[in-house]
Amino acid sequence: MHPLLSNPQRVAWYLAGWLLLSLPWIRLAHTSLQFSVWAAAVLVIPVMLITGIICSSAYYLCKAMPSNRRSLGQTLMAFGLSSAVSALLVMALISAWHQALVLLAGTEFQWQWQEHQSWLLGGSAAILFLLNLLAYDVFLSFEQVRISEQAATAAQLAARDAELQVLRSQIDPHFLFNSLHSISALTAIAPERARDMTIALADFFRLTLRAGQEDKIRLQDELQLCQHFLTVEGIRFGPKLQYQPEVAEGLNLALIPSMLIQPLLENAIKHGIQHLRKGGCIRLQIHADQGWLHIQIHNPVADSIATDERSRSGIGLRNLSERCQAMYAGRARVSHALADGMFSISVTLPLEFAAS
């Protein structure tokens, strides 16, 4: 659709511009043709408004001949011919309007056409149409660049989402296999614990499927999903796994990327607690400060794991950082550190709240 016609306010501003452009022509008609000011305005304003409408058609020519699909010769020919045709139309229009005014108002609108006047009108109309062609050409070029950037961004996000889905498909079967193996072992020695683990596992995957359909979810929903996950892992590891959440009040409705915290807890267990003979405590700290949501997870790691840079970073931390950067247009921050046998990861996001 024409960029002017899509917005009535733009149409008004466009016509107002042509009315402003008619002022020097009104003055010229008043001084050169000895018309009164009102007669000059009656002669010039309708012609200028229709000229503006004619010039707006330049958009369709530029749209039909994109700049990246035409040669220099085609451009010069198309722009030159269309400018000449528009000039002839304007000259025919002002001549017809002048004749109509003479018939309606008599001698007040009579004047003798001079050759230089015809050239001045025709040349001015051609230049105005050419300027519109150039303006629309630049507009469409920028629009094409914007569309290309949006398509590239969408493709990048789609590829990143696919990468994250592959990562989840790798983690979930591993977690599911270990859980089912534990359930099988508990069935004979502790049926009640096997039953509790089965229920917690079912609840976890039910919430996982729901969360996977949303880009962002409420913090309370993510924490509920994490609780089911930790229930399953708690049955597997027993007293080795301890969990200490510290969540500031008033953040239940804060929005975070779905499946953000759970994979971090999973990494903390897989690369930390699992390798410690006595286990350890995972601390989750969440608070808000000056429009930012801060999420921190701390867990102990064994010396052998601490010296392994690849394990130190954990599965998916790089993907998590790229995902947050994409979702928050570069405003999110993800960092991790290792000190004194304690691994810490910090995620900082713009603070957003879901509608209650």
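Side notes on the structure shown:
- FRET E, pair Gln325, Ala92, Förster distance 51 Å, beta-carbon r, rounded to 0.05: 0.30
- Count Lys and Arg as plus one, Asp and Glu as minus one, and take only other residues whose Cβ is under 15 Å from that of Ile189; the net charge is then +1.
- The local environment of Cys226, defined by Cβ-Cβ distances under 11 Å, has a net charge of -4 under the rule Lys, Arg +1 and Asp, Glu -1.
- Cβ-Cβ FRET estimate between Gln244 and Gln274, R0 fixed at 25 Å, reported to 0.05: 0.90
- Nearest-0.05 FRET efficiency for Asp289 and Asn7, computed from C-beta distance (R0 51 Å): 0.80
Laboratory data are not the source of any read-out in this text; all were calculated from the coordinates shown. What you see is a predicted model; the values in this text were computed from it and never measured. Don't worry about glycine lacking a Cβ; one is built from the backbone with ideal geometry, like all the others, and counts go over all protein chains shown.
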